[in-house]
1. Where q = 0.12, 0.20, 0.23 Å⁻¹, what log10 of I(q)/I(0) comes from the Debye formula for the range 3-70, counting one point per Cα?
2. Give me the one-decimal nm value for the distance between modelled label points at His321 and Asp268, 7 Å along each residue's Cα-to-Cβ direction.
3. Once the Cβ-Cβ distance between Arg280 and Asp135 is put in as r, and R0 is 51 Å, what FRET efficiency do you end up with, to the nearest 0.05?
4. Suppose each label sits 7 Å from its Cα in the direction of the beta carbon; what would the His110-Ala21 distance come out to in nanometres?
5. Run through all the Cα pairs of the range 106-325 and give the fraction in each 10 Å bin from 0, expressed as whole percent.
6. Compute the projected area of the convex hull of the Cα atoms of the range 243-329, averaged over all viewing directions, and report it in nm² to one decimal place.
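Read the figures in this text as sums done on the coordinates, not as results from a lab. Only a predicted model underlies this, so the values are computations on that prediction, with no experimental measurement involved. So basically every Cβ, Gly included, is an ideal-geometry build from the backbone, and we count neighbours across all protein chains shown.
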Amino acid sequence: MSETEHADTPYAVLGVDRHAAEAELRRAYRRRQRLTHPDLGGDPAEFHAVQLAWEQVGTVEARAAYDREASGAPRRARPSTQEDEGSRVWTSGTARGSTGGPARARSYGHPGGASRQRFLTLLREWAGRGTQVDDPYDAALLGRAPTEVRQALADALAEEATARALSAMGPAWAVWHDVATAPGSGWIGRADTAVTNVPKLDHVVLGPTGLFIVQSEDWGSPARVRGYDLVADALPAGARPVKALAERARIARSWRVTPSGLVVVLPDAALEEDAVLLRRGRGRRAATFAVRRRALAGFLTAGLVGGHRVSAAEFYEAREHLARVIRFV
């Protein structure tokens, strides 16, 4: 019997034989994606099944692992970083959830928008009232600017880079950018001197592996773990960026949701590992991680071992709920 006759296989969901060439498999996925997409009149459950099928066989590595398991061959253990009470994380830089095609995650808000506004405001204040700034991104001008000004621009660039990585994960994901954690909206004022208490969350990410609050950082120097937090030479003494993120993440309680994890995303060169566990989850406190940007998509796609897999119905219900309650800066 051909494997396409078994309705529970990813090949059957995509409508191809298990021996299909990679190009044929990708075409089938895109076709099924269009036919089942809820925004195009498709069935949400079928659409979710298509995304899960692609996650299982959409890359050479994932497909090989699935075929080995389906044939009864021993399954290779996936690499991991620190393990803590079932919270093992996948550290490969390959994003199994990425489609490699034009499909994008649904995105809300303006990634990096508040940080760019803050950068321009601080730059004009520094340059002086009435001073004409022809090019705020001129390298010579930025070289003379105070650290606070340059850090605001670094924040914006980091958020935009993370947003691109999240967008490429595909339509099984939804992302909210520049999420407000303080009353009102339109904030473009100053952060404190630690550059960590901006009253917003950079990204709120919902997908098949749960709900993650993601913070994008670039401090211009490598980060080190100290206790439950991160330190870097470029950060002011006493700065506790992870603690500050956890405090801002409490806004999720007002949304009546519990995050699966908090993630601080750093430039690849700023961490020695793809993913580092900073604090274990317990009760209502989410586990916290530092992750290289190149490994973010793979980290989120794999999720936490033992974590709850979000069904299609749960995903769409949560997406609609968050779209109603989240506010932007």
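1. Reported log10 I(q)/I(0), two decimals: -0.27, -0.74, -0.95.
2. 3.7 nm
3. 0.60
4. Label-label distance for His110 and Ala21, simple model: 4.6 nm.
5. 8, 34, 36, 16, 5, 1
6. 6.7 nm²
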